[in-house]
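Engineer: I'd like to ask some things about the structure below.
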Amino acid sequence: MRTTLNIDDEILNRLKEMANNSKKPFRQVVNEALSVGIGQLERPCSTPYSLRQASLGGPRAGINIHKALSLSDELENEAVITRLELRK
């Protein structure tokens, strides 16, 4: 069947290069490319994307995770004290 298509210049150049490299007629390369593209569009994604869970381990000994804010305050205070001591 004969039809008219508007093909982007970049794609047209790639198709012409493929035809030239493979020594196949341009028409055949275009039909093969369309066939592969249609096949990929028709196939649904095989599996949905998912991440595996990874254990980060438990809390260190002596750290109560229920008091995270107070731990954060302590660490911040230590960092401020260290910076102040370095200025002396």
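No lab work stands behind these numbers, since they all come straight from the coordinates. On a predicted model such as this, the values are computed, not experimentally measured, just so you know. Here the Cβ is made from the backbone with ideal geometry for all residues, glycine too, and neighbour counts use every protein chain on show.
Engineer: Could you please give the count of residues in the stretch 46-88 that are in contact with a helix residue (DSSP H, G or I) (Cβ under 9 Å, 6 or more places away or on another chain), among the aliphatic types (A, V, I, L, M) and surrounded by 10 or more Cβ atoms within 10 Å (Cβ to Cβ)?
Structural biologist: 2
Engineer: Still on this structure: From the list Arg43, Arg14, exactly one residue is of a type in the set (D, E, K, R), surrounded by 10 or more Cβ atoms within 10 Å (Cβ to Cβ) and within 26 Å of the chain's Cα centre (by Cα). Which is it?
Structural biologist: Arg14
Engineer: Between residues in the stretch 71-82 that are part of a helix (DSSP H, G or I) and residues that are surrounded by 10 or more Cβ atoms within 10 Å (Cβ to Cβ), which pairs lie under 9 Å by C-beta distance while being six or more apart or on different chains?
Structural biologist: Filtered contacts from the stretch 71-82: Leu71/Ile63.
Engineer: Additional query: Scanning the stretch 36-70 for residues that are of a type in the set (Gly, Ala, Ser) and in a helix (DSSP H, G or I), which turns out farthest from Leu15 (Cα to Cα)?
Structural biologist: Ser70
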